[in-house]
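These notes are about the structure you will find just below.
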Amino acid sequence: MKSHTHLWLLAISFLFSPAASPQTPDTLQSLFRDGAAAMKAGNAAGAETAFRKATQVDPSFAPAHLDLGLAQLKEGKLLEAIESIRKSLQLDPTSPAAHLFLGIAEYQSSHADDALADLRLALQEDPKNVEALTWLGIVELNSPHPELAVEPLDRAAELAPADENVLDYRVQAHMAAARQSYTALFKLDPTSWRLHRLNAAIDAQALDHPHAVEEYQQAIKLAPKEPELYEGLGWEYRQLGHADLAAKAFAEQLRLTPGNPIAMYNLGSAQVDSGQGSAAVPLLQQVVKIYNHPTGADYYLGRALTAEGKDDQAVQAFVRATQLQGEMQRQAWYALSQAYRRLGNTAEARAAVLKYEQLRHAADEASAKEGEDWRKLNGAVNEPAK
């Protein structure tokens with residue numbers, strides 16, 4: 001079991017606050033001020049002394065026991081911290097954050113079941129408590145069922161999308177769940193075509209497209225009637241620049257799923273890329289009609305019509321494609337400018353190419369920033385430990 005000391009120290013630092021109120025007797029207020037100052041200065045032992053005296057002044061005052069437990073937790077006195085926090089809850093079941101810190105102490109002392117129970121109680125009190133969600137994920141991640149860590153860490157990431165700890169443990173949780181599923185699938189059938197498809201997906205994510213192609217080919221040998229395998233193979237061929245082979249794979253996908261607009265789009269777009277525009281036009285026209293809103297099919301239809309010399313019709317398709325986002329939108333504006341130029345519409349051509357240049361400039365700036373952020377990240381990751 002990992003200690004995750006940095007996380008609970010951080011949690012204590014952020015969540016600790018003196019609990020004495022204006023109605024608290026002067027002696028208790030003074031002790032709480034002393035304890036809070038000691039905690040702020042990083043003197044957990046001094047804080048423990050102050051809060052212990054507070055429990056002696058008023059043994060029934062729950063906040064004194066809670067803050068004593070926090071000081072003990074920061075010192076690493078786990079069993080004493082558990083006792084103090086439980087006493088706080090016994091005196092006041094509504095003690096703020098008590099279940100959270102009790103769960104942390106229980107987990108650190110190898111009482112995972114107790115920790116899960118208290119962390120879930122903390123979330124009942126505050127369903128949007130990022131610390132409680134993160135700790136619940138951590139405990140589940142180190143349990144026999146790590147897949148259960150995914151849900152609380154996903155919720156924590158929604159609430160704190162820039163929290164590095166949350167993102168770190170969320171990645172670990174998804175990886176653990178994936179490994180568990182892969183292992184279970186392997187046990188069910190070590191020769192399954194699904195394993196080859198998973199291997200292909202892993203290779204594709206690692207940008208190892210040649211091996212991804214090989215895995216899809218192996219999967220197809222085992223399951224030649226699975227259309228999704230041909231689709232995956234087709235996209236890997238496209239990544240490698242083999243549009244003709246991609247078209248053959250997508251043709252098989254469409255043969256197995258006739259009328260499937262996704263398969264029609266895949267085949268039609270690959271045919272355009274491989275110089276088979278005439279064959280692509282009827283397929284892409286069907287897809288445009290089925291979807292009835294701007295999609296990539298409009299862009300490829302425009303290219304196919306351009307290849308046939310039908311610039312007037314291509315303009316309509318490219319205009320629809322300019323409503324897309326990303327690289328395809330930029331290419332649609334450029335293709336539109338060229339179609340207008342060939343039709344002799346100079347003003348429209350100039351306006352379209354200007355829009356293309358604006359979008360490209362914005363994309364270049366965003367890409368440069370992303371590259372700089374990536375370099376900073378790699379630099380931080382690869383920086384030698386001090």
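The values are calculated or read from the model by the stated rules, or taken from the named source; none is laboratory data. Fair warning: this is a prediction, and the values are worked out from it, not measured in the lab. Here Cβ is always computed from backbone atoms with ideal geometry, including for glycine, and neighbour counts include all displayed protein chains. Remember, those area values only see protein heavy atoms, side chains included, never the ligands or the DNA or RNA. Shrake-Rupley method; radii C 1.70, N 1.55, O 1.52, S 1.80 Å.
For this structure, a couple of remarks:
- Hits in the range 27-41 (condition: out of contact with any helix residue (DSSP H, G or I) (no Cβ under 8 Å at 6 or more places or on another chain) and either assigned to a helix (DSSP H, G or I) or crowded, with 18+ Cβ neighbours inside 10 Å (or both)): GLN29, SER30, ARG33, ALA37, LYS40
- When residues in the range 280-317 are screened for being surrounded by 23 or more Cβ atoms within 10 Å (Cβ to Cβ) and within 33 Å of the chain's Cα centre (by Cα), 5 of them pass.
- Answer from GLY259, GLY277 - the residue that is at pLDDT below 95, under 30 Å from THR306 (Cα atoms) and surrounded by 18 or more Cβ atoms within 10 Å (Cβ to Cβ): GLY277
- The single condition among (1) under 30 Å from ALA97 (Cα atoms); (2) open to solvent by 70 Å² or more (accessible area, probe 1.4 Å); (3) not in a loop (DSSP other than H, G, I, E, B) that ILE202 does not satisfy is (1).
- Residue match in the range 71-85 (condition: on the phi < 0 side of the Ramachandran plot, more than 39 Å from the chain's Cα centre (by Cα) and assigned to a helix (DSSP H, G or I)): no
- Just one of the listed residues (LEU336, LEU324) is over 22 Å from GLY275 (Cβ atoms), touching an Asp or Glu at 6+ places or on another chain (Cβ under 9 Å) and either buried (at least 16 other Cβ atoms within 10 Å of the Cβ) or of a type in the set (Lys, Arg) (or both), and it is LEU324.
- Here SER278 meets the list (1) under 20 Å from ALA251 (Cα atoms); (2) out of contact with any Asp or Glu (no Cβ under 9 Å at 6 or more places or on another chain) almost entirely, failing just condition (2).
- Residue match in the range 354-364 (condition: at pLDDT below 90 and open to solvent by less than 100 Å² (accessible area, probe 1.4 Å)): yes
- Residues that are aliphatic (A, V, I, L, M) and either under 28 Å from the mean Cα position of the chain (by Cα) or open to solvent by 70 Å² or more (accessible area, probe 1.4 Å) (or both), drawn from the range 220-235: LEU222, LEU229, LEU233
- Count of the range 175-193 residues, restricted to those that are open to solvent by 80 Å² or more (accessible area, probe 1.4 Å) and either under 13 Å from the mean Cα position of the chain (by Cα) or not β-branched (Val, Ile, Thr) (or both), is 5.
- Restricting attention to the range 339-353, the residues being polar (S, T, N, Q) and either open to solvent by 60 Å² or more (accessible area, probe 1.4 Å) or in a helix (DSSP H, G or I) (or both) number 1.
- Filtered by the rule that a residue be modelled with pLDDT of 90 or more, buried (at least 20 other Cβ atoms within 10 Å of the Cβ) and more than 18 Å from HIS111 (Cβ to Cβ), the range 71-93 gives a lone residue, ALA71.
- Selection count, the range 42-70, where residues are among the charged types (D, E, K, R), in a helix (DSSP H, G or I) and more than 36 Å from the chain's Cα centre (by Cα): 3
- The condition (being part of a helix (DSSP H, G or I), among the small types (Gly, Ala, Ser) and without any contact (Cβ under 8 Å) to a residue 12 or more places away in the chain) is satisfied by just one residue among ALA219, ALA184: ALA184.
- In this structure, ALA44 does not satisfy being at pLDDT 90 or above, open to solvent by less than 20 Å² (accessible area, probe 1.4 Å) and more than 17 Å from LEU102 (Cβ to Cβ).
- Within the range 236-247, restricting attention to residues that are open to solvent by 60 Å² or more (accessible area, probe 1.4 Å) and in contact (Cβ under 8 Å) with a residue 24 or more places away in the chain, the residue that is farthest from GLU214 (Cα to Cα) is ASP244.
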